[in-house]
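The values are calculated or read from the model by the stated rules, or taken from the named source; none is laboratory data. Quick caveat: nothing in here was measured; it's all calculated off a predicted structure. Neighbour counts run over all protein chains shown; Cβ positions are idealised from the backbone, glycine included. For accessibility, only protein heavy atoms count, side chains too; no ligands or nucleic acids. Shrake-Rupley method; radii C 1.70, N 1.55, O 1.52, S 1.80 Å.
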Amino acid sequence: MVLGDLVTLQGGGTPPRDESRYWNGTIPWASVKDLGASRLGSTVECISPAGVEASATRVIKAGHVVVATRMAVGRASILEVDAAINQDLKALVPRPGRQVHPSYLLHLLGASTAFLERRATGATVKGIRSEVLESLPVPHANYDEQRRIADILDKADAIRCKRKQAIALTEELLRSTFLEMFGDPVTNSKEWPTETIDALCVRGAGLVDGPFGSSLKPEHYVDAGVKVVRNWNIYDDHFDFSEFKYVTPSKFEEVRRSEVLPGDVLITTKGTVGDVCVAPDLGGPAVLSASGTVRLRVPPDASFLPEFVVAQMTTPTYKRYLHTFEAGSAQQYLNLSAIRKMRLIRPPVEAQGAFRTLRLRVRHVHADAVVAHTESALLFSALVERAFSGGSSC
């Protein structure tokens with residue numbers, strides 16, 4: 001059985017943008033950007049009844065599944081409200097006499113992303129034809145069986161989503177706690193003392209970039225040895241351990257100026273500019289790569305804690321402030337002279353220490369939440385595989 005045996009596909013359209021009477025009406029109008037969750041209860045834009053007629057679309061009843069056939073191919077949601085759709089979506093409407101559970105369809109589409117993406121065509125924007133969607137294989141299951149499978153997958157998906165939300169909540173807790181304790185570090189509403197990074201360097205901080213290009217090239221990498229920290233190891237308040245390059249101990253001695261020690265503040269300066277994290281203990285010596293990385297070592301007088309520096313440099317307002325120092329046209333980058341001009345707030349070290357203690361506790365909770373989310377995601381994937389691969393049912 002294929003999807004076209006069960007449903008008909010209904011398309012949509014976009015009213016002319018230059019006719020104001022077609023827009024800002026009372027009818028939700030869905031596009032790909034609205035398909036961010038399994039249920040769609042509201043849309044970014046609405047159209048009028050005249051807009052529905054002008055766009056040759058129709059209003060799809062709540063309870064039907066809509067799926068993207070262009071751009072985010074296969075992304076789908078169940079409508080919780082009656083809504084019109086644009087030309088990049090298709091509504092899956094059960095054929096007369098066919099009973100199809102909407103959640104069953106939704107999970108089927110989620111399990112079929114690879115099938116659809118392999119059949120997408122287009123030079124710039126990928127899309128699939130209606131006949132491709134209609135040819136999607138559907139395991140035979142009566143309505144009661146569909147509902148049973150959907151109920152199991154809905155529950156597993158809800159657990160996965162809640163654990164993902166727990167991760168987001170721990171991250172938000174750190175951001176909101178920082179702002180409550182110290183205020184916006186850019187506007188400095190609490191009037192803390194401030195210093196430029198250049199002033200920190202005068203007081204003994206260390207700001208260095210990676211080795212000169214000819215000093216450390218890809219051909220210098222070896223299978224094991226001293227770790228090389230590259231920009232894709234560095235994310236906002238997170239260090240990625242998943243992949244390293246290595247150099248020999250003798251090469252490390254040549255470029256030791258760019259050594260990375262635990263507690264260094266690491267900053268990306270090319271590619272994804274301005275990601276900042278604290279260098280962890282890497283179990284031995286490490287060095288910056290030749291391009292795209294900088295490390296700031298806080299002054300030895302303990303006036304700044306690295307975790308506090310990272311916390312303020314990863315607030316949304318500081319990120320925007322940091323980007324004002326970028327140079328380059330085709331590709332943006334940060335250089336050392338620009339970083340030296342950046343200003344940091346400097347609350348008492350006792351307050352910084354209190355935040356660091358809280359951060360450590362929240363990070364433990366965050367790590368547990370990540371493990372729980374990973375386990376729930378694996379469980380959900382296994383259940384989906386069993387439901388739609390032709391194996392035993394859930």
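General remarks:
- Our compactness index for segment 125-200, the C-alpha radius of gyration over the empirical 2.2 N^0.38 Å, is 2.23.
- Estimated D of the chain in µm² per second, where Rh is the Kirkwood radius over Cα pairs and Stokes-Einstein applies at 10 °C, 1.306 mPa s: 64 µm²/s
- Derived scalar couplings between HN and Hα for segment 330-345 equal 5, 10, 6, 7, 10, 10, 4, 5, 5, 4, 4, 7, 5, 10, 10, 6 Hz in order, rounded to whole Hz, by the Karplus curve 6.51 cos²θ - 1.76 cosθ + 1.60 (θ = phi - 60°), x for Gly and Pro.
- Charges were assigned to the Cβ only: +1 to each Lys and Arg, -1 to each Asp and Glu. The resulting dipole of segment 291-371 about its Cα centre is roughly 120 debye.
- Using alpha carbons only, the radius of gyration of segment 1-103 set against its Kirkwood radius gives Rg/Rh = 0.97.
- Heavy-atom accessible area, probed at 1.4 angstrom with all protein chains present, ranks Leu79, Leu169 as Leu169, Leu79, highest first.
- Computed about its Cα centre, the charge dipole of segment 1-97 is approximately 200 debye, with only Lys, Arg, Asp and Glu carrying charge at their Cβ.
- Every Cα-Cα pair of segment 246-394 was included, and the share exceeding 23 Å stands at 54 percent.
- All aspartates and glutamates inside 19 Å of Lys155 as judged from Cα atoms, apart from same-chain residues fewer than 8 positions distant: Glu80, Asp144, Glu145, Glu375, Glu385
- Ranked by the mean number of other Cβ atoms within 10 Å of their residues, highest first, the peptides 196-206, 60-70 fall in the order 60-70, 196-206.
- Under 19 Å from the Cα of Lys217 - lysines, other chains or at least 8 residues apart: Lys227, Lys245, Lys251, Lys270
- Computed accessible area, Phe244, all protein chains, 1.4 angstrom probe, square angstrom: 30 Å²
- Taking amide H as placed 1.01 Å from N in the peptide plane, Ser77 has its amide H under 5 Å from the amide H of Val66, each at least 5 places away in sequence or on another chain.
- Size of electric dipole in the chain: Cβ of Lys, Arg +1 and of Asp, Glu -1, about Cα centre, debye, nearest 20: 260 debye
- Net charge of the neighbourhood of Asn335, taken over other residues with C-beta under 12 Å away and scored Lys/Arg +1, Asp/Glu -1, is +1.
- Placing unit charges on the Cβ atoms of the charged side chains and taking the dipole of segment 68-215 about its Cα centre, the candidate lying farthest along the positive direction among Gln99, Ile149, Phe182 is Gln99.
- Kirkwood Rh, Cα atoms: Rg over Rh of segment 311-354: 1.09
- Helical segments meeting 20 Å axial Cα length and Kyte-Doolittle -1.0 threshold in the chain (DSSP H): 143-182, 349-388
- Annotation: amide H-H contacts under 5 Å for Thr293 (H modelled 1.01 Å from N, sequence separation of 5 or more, or interchain): Gly210, Thr269.
- Taking the charge dipole of the chain about its Cα centre, with +1 at Lys and Arg Cβ atoms and -1 at Asp and Glu Cβ atoms, the residue from Val310, Gly110, Ser258 reaching farthest to the positive side is Gly110.
- Note that segment 70-167 carries a Kirkwood radius of 15.2 Å, evaluated over its alpha carbons pair by pair.
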